[in-house]
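As structure tokens, the structure follows; a few thoughts come after it.
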Amino acid sequence: MIHYMNLADDPFEQIASGNKTIELRLYDEKRQKIKVNDFI
């Protein structure tokens, strides 16, 4: 299964530049559907 997740521009740029190394997400209903071997 393919899952589409959105990341706001500012956190994405911080991760891409190396200023930020992790992005936390709540384990909400949408993320509970992610299984091993799925694509994000």
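Computed from the coordinates by the stated procedures, all read-outs in this text should not be read as laboratory data. In this text, all values refer to a predicted model and were calculated from it rather than measured experimentally. All Cβ positions, glycine included, derive from the backbone under ideal geometry; neighbour counts span all protein chains shown.
Observations on the model:
- In the range 1-14, the residues that are exposed (fewer than 10 other Cβ atoms within 10 Å of the Cβ) and either part of a helix (DSSP H, G or I) or basic (Lys, Arg) (or both): Asp9, Asp10
- Filtered by the rule that a residue be surrounded by 10 or more Cβ atoms within 10 Å (Cβ to Cβ) and either touching a Ser or Thr at 6+ places or on another chain (Cβ under 9 Å) or part of a loop (DSSP other than H, G, I, E, B) (or both), the range 15-40 gives Ile15, Lys20, Glu23, Lys33, Ile34, Asp38.
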